[in-house]
1. Could you please give the count of residues in the stretch 113-140 that are of a type in the set (A, V, I, L, M, F, W, C), farther than 20 Å from Arg24 by Cβ and within 18 Å of the chain's Cα centre (by Cα)?
2. Taking Arg189 and the conditions (1) part of a loop (DSSP other than H, G, I, E, B); (2) in contact with a Pro (Cβ under 6 Å, 6 or more places away or on another chain), which numbered condition does it fall short on, given that it satisfies the others?
3. Working only within the stretch 297-322, note down all residues that are in contact with a strand residue (DSSP E or B) (Cβ under 7 Å, 6 or more places away or on another chain) and part of a loop (DSSP other than H, G, I, E, B).
4. I'd like the full set of residues that are polar (S, T, N, Q) and touching a Phe, Trp or Tyr at 6+ places or on another chain (Cβ under 9 Å), limited to the stretch 238-275.
5. Ser51 versus (1) of a type outside the set (A, V, I, L, M); (2) buried (at least 18 other Cβ atoms within 10 Å of the Cβ); (3) closer than 20 Å to His321 by Cα: which is the lone unmet condition?
6. Kindly evaluate Ile155 against the criterion of being modelled with pLDDT of 95 or more, farther than 22 Å from Asn29 by Cβ and touching a strand residue (DSSP E or B) at 6+ places or on another chain (Cβ under 6 Å).
Amino acid sequence: MKKRYLAIALLFSALALNAAEPFRIMFYNVENLFDCQHDTLKNDNEFLPTSVMKWDEAKYNDKLSKISKVIIATSNKNVPDLVGLCEVENDNCLTDLTKHSPLREAGYKYLMTESPDQRGIDVALLYQRATFRPISKDCIRIPSKEIDRNPTRDILHVTGQIASGDSLDVFVCHMPSRSGGEEQSEPYRLFTAQILKLYADSVMAVRKNPNVIIMGDFNDYPTNNSIAKVLGATAPSEKNKVETRKLYNLMDGRSDGTYRYKGEWNILDQMIVSGNLLNGGNNVSTSYDKAQILKYPFLLEEDDRYGGDTPSRTYWGNRFHGGYSDHLPIALDLMINN
C-alpha cells in the first residue's frame, strides 16, 4: 500500500513539474542568412564569395554558429519549442542550421515559405516534434502586380497541436521594408496587414478556443497604423475586458526596443496574440509579462557614434563586422495545462 501511495505521489509530482514548464516561443530576424551559392532566379549577388561583401563559407558557418548560440541561450530547461525566423535565403540554410551547426543536437524540424521576394529571403518556423505537431501549413502570397509593387515575403501560417490537445495557429511575418521612406512604403505594409487580418479573423471565427500567435518583423512600430489600426492590436489593458477574438500586441507599451536607428531604440519585431490566450482559465494561456525582448549582453556592443548599446551586427554596410544581427530577438512563454 505504501508503494502505491508513493507511486501516485511521484506521478502527481511529475505532472506538476511538466505543467510548470512553459512552452517557449521565440522570433528572430537573423539579418541576411544566405548560403554561398548563386541562385540564378534571385538577386543574391551581394552574398557571394566574389561580391563586394566577400561572403564565404567561413563567414557563413560563423553566422550559423551565432544563430545557434542565440537560440540555445533562449532555453529554459529545454530549447524553445517554436522559433520564427526571417531573412533566411533558402532550404539549404535551414538544413545547415538544424543539422550541421551547434543546434543539431536540439533536433529541430522546420517549415518555410518560398516567396517571390527579389532578394530571395523567406520566413521559417523551427519546431520541437515532442511539443508541437504540425497539422497544416499555408504560405499566404501577397499580391504585388495589382498594386504596382515589388514582390514581398509570403506570410507563413502553421496550425499545430500542443501537449494539451489544443490547436495553436502560428503566423510568421516579414512585412514590406521601409525602403524609399516610411511615407512612401507604408501603403504596402497596410495592404499586407489587411491580408494578415483577414486570415487571422477567419481562424478566430472557426476555432472554439482560438489560440493565435502572430510574430515577425513588421517594419513598423506598435503605434503605426498597420498594427494599431489595421490589425487593431494594442497592449491589453486592465481597465478593459480582454476579448477572445481580438488581437493584442504584447510588445506595445515597452520602453526598450529590438532595433536601434540613429541612437534611438524602437520596436519593429512584434509578438501578437488572440485574446483567448490572455483570458486565463483555458488549457493554454499567457500574459503581457510573459513576453520579453532578449537583450543578452553578447548581442550588444557600444554605439561609438550615439552612445549607449546597439545590436552587434553582421555587417555595417559592405563591411563585415562579425556580429549577430541588427535586430534583437523576442520571446513569449505559454503556460500549458497537460
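The values are calculated or read from the model by the stated rules, or taken from the named source; none is laboratory data. Predicted model, so just to flag it, every value in this text is computed and none were measured. FYI the Cβ positions are ideal-geometry reconstructions off the backbone, even for glycines, and counts take in every protein chain you see.
1. First, the residues of the stretch 113-140 that are of a type in the set (A, V, I, L, M, F, W, C): 121, 123-126, 130, 132, 135, 139-140.
Next, only the ones that are farther than 20 Å from Arg24 by Cβ stay: 121, 135, 139-140.
This time we only want the ones that are within 18 Å of the chain's Cα centre (by Cα), so: 121, 139-140.
Total satisfying the criteria: 3.
2. Tallying (1) part of a loop (DSSP other than H, G, I, E, B); (2) in contact with a Pro (Cβ under 6 Å, 6 or more places away or on another chain), Arg189 fails exactly one: (1).
3. Our first condition is that a residue be in contact with a strand residue (DSSP E or B) (Cβ under 7 Å, 6 or more places away or on another chain); within the stretch 297-322, this holds for 299-303, 309-314, 321.
Of everything in the stretch 297-322, those that are in contact with a strand residue (DSSP E or B) (Cβ under 7 Å, 6 or more places away or on another chain) and part of a loop (DSSP other than H, G, I, E, B) turn out to be Asp303, Ser312, Arg313, Thr314, His321.
4. The first filter runs over the stretch 238-275 and keeps only residues polar (S, T, N, Q), leaving 240, 244, 249, 255, 258, 266, 270, 274.
Scanning the stretch 238-275 gives Ser255, Thr258, Asn266, Gln270, Ser274.
5. Here Ser51 clears every test but (2).
6. Numbers: modelled with pLDDT of 95 or more: yes; farther than 22 Å from Asn29 by Cβ: no; touching a strand residue (DSSP E or B) at 6+ places or on another chain (Cβ under 6 Å): yes.
The answer is no for Ile155.
This table checks each residue for (1) within 28 Å of Asn150 (Cα to Cα); (2) surrounded by fewer than 20 Cβ atoms within 10 Å (Cβ to Cβ); (3) basic (Lys, Arg).
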{"position": "Ser68", "(1), (2), (3)": "no, yes, no"}
{"position": "Ile71", "(1), (2), (3)": "no, no, no"}
{"position": "Val79", "(1), (2), (3)": "no, no, no"}
{"position": "Gly84", "(1), (2), (3)": "yes, no, no"}
{"position": "Val88", "(1), (2), (3)": "yes, no, no"}
{"position": "Asp91", "(1), (2), (3)": "yes, yes, no"}
{"position": "Lys99", "(1), (2), (3)": "no, yes, yes"}
{"position": "Glu105", "(1), (2), (3)": "no, yes, no"}
{"position": "Glu114", "(1), (2), (3)": "yes, yes, no"}
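So that you can scan it fast, the table gives a plain yes or no per residue for (1) hydrophobic (A, V, I, L, M, F, W, C); (2) without any contact (Cβ under 8 Å) to a residue 12 or more places away in the chain; (3) buried (at least 23 other Cβ atoms within 10 Å of the Cβ):
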| position | (1), (2), (3) |
| --- | --- |
| Val230 | yes, no, no |
| Glu238 | no, yes, no |
| Val242 | yes, no, no |
| Tyr259 | no, no, no |
| Gly281 | no, yes, no |
| Ser285 | no, no, no |
| Asp289 | no, yes, no |
| Leu299 | yes, no, no |
| Gly307 | no, no, no |
